[in-house]
Structure formats: structure tokens, C-alpha cells
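Structure, as C-alpha cells:
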Amino acid sequence: MRCKENRARPLAKALRGRMPKAEVILWSRLRRNGHGFRIRRQHPVGPYIADFACVPGRLVIEVDGATHASDKEVAYDNGRDAYLYRLGWRVMRIRNEDIYRNLDTVLDAVWAALHAPSAHLQPAASMGTSPARGGGEGKVW
């Protein structure tokens, strides 16, 4: 697995320079957190690059925009999440829209997940009510 991560590192570095607006907004708050957690952006995990990751908390935070709504992308995300779960990571998916409209609520959910590392986040496919996940309005975490 380390070999796959080493191959992903140059891409991860490049992605840090072109983060989408929602990720930039979230990162501006995650990087200056007062909760004692070090969160990395564009962090390689195996062959994948997580939008954000807290290594000690084993939490991956994925920011989902409109491109994550197609059936093909949902299937890809579900496979990726399953891979991460097998490695012992928890995955939190957050919609761009929630970052723009409910940033404080999003941050509260991130801190709560990190403060309760034994809590299990459900796989994204059954996690919430995101339209991309087959539900109505709501949060994906």
C-alpha cells in the first residue's frame, strides 16, 4: 500500500493548488481548529487521495460537489469508501451546498466525529439523505 501512496503524492501536491471553492472554505476553518487535531488536505490513502484526513482519528472527510450525483460517480464513491473502511478509516461525506449554507454545523459534525473515534460512521450508501444517495434534502454525514 505504501507504494501506491508514494505514487499518489505528486498528484496530491498538485491538487492542493487547485482546490474547489467549498474545499478552500472548509480548509480555512479546519486548519486553524482549536480542537487539537491535525488535519491534512489532499492526503494519499492507498491509491486514493482524500480531500481531508485526520490520521490519528482515522477520519477521511470528502467534499462532494455536483459531479458526485451521477450513478457512475456514486458507485465509484461507494467502492472507494468500502476500500477505506477495510483499512480502518471512517468516511464523512459533506456536500458543497452544506459548506456554503451550514458551515458551523458541518464543523460541529467533524469535531464530534473526531472526539468520538469509537463511533462508527455508516457507509455513505446508507448514511444519509443526500439526493445523490437516494434521499431528499439533508446532510450526508
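Each residue in region 42-86 was checked for being assigned to a strand (DSSP E or B), over 15 Å from residue 27 (Cβ atoms) and not hydrophobic (A, V, I, L, M, F, W, C), and 3 of them qualify.
State whether one or more residues within region 112-130 are at pLDDT 85 or above, under 14 Å from the mean Cα position of the chain (by Cα) and open to solvent by less than 60 Å² (accessible area, probe 1.4 Å). Scanning region 112-130 turns up at least one residue that is at pLDDT 85 or above, under 14 Å from the mean Cα position of the chain (by Cα) and open to solvent by less than 60 Å² (accessible area, probe 1.4 Å). There is no residue in region 21-33 that is part of a loop (DSSP other than H, G, I, E, B), closer than 21 Å to residue 81 by Cα and open to solvent by 70 Å² or more (accessible area, probe 1.4 Å). Within region 23-46, residues that are among the β-branched types (Val, Ile, Thr) reach partners that are open to solvent by 70 Å² or more (accessible area, probe 1.4 Å) with beta carbons closer than 8 Å, at six or more positions or on different chains, in the pairs 25/100; 39/31. In region 49-69, the qualifying residues are those that are touching a residue at least 12 places away in the same chain (Cβ under 8 Å) and either in contact with a Ser or Thr (Cβ under 9 Å, 6 or more places away or on another chain) or hydroxyl-bearing (Ser, Thr, Tyr) (or both), and the one that is least open to solvent (accessible area, probe 1.4 Å) is 64. If I filter region 90-105 for residues that are under 25 Å from residue 38 (Cβ atoms) and loosely packed, with under 15 Cβ neighbours inside 10 Å, do I get at least one hit? Yes: region 90-105 contains one or more residues that are under 25 Å from residue 38 (Cβ atoms) and loosely packed, with under 15 Cβ neighbours inside 10 Å.
The values are calculated or read from the model by the stated rules, or taken from the named source; none is laboratory data. No experiment lies behind these values; they were computed from the predicted model shown. Please note: Cβ atoms are built from the backbone with ideal geometry, for glycine as well, and neighbour counts cover all protein chains shown. Surface accessibility is based on the protein's heavy atoms, side chains included, excluding ligands, DNA and RNA. Shrake-Rupley method; radii C 1.70, N 1.55, O 1.52, S 1.80 Å.
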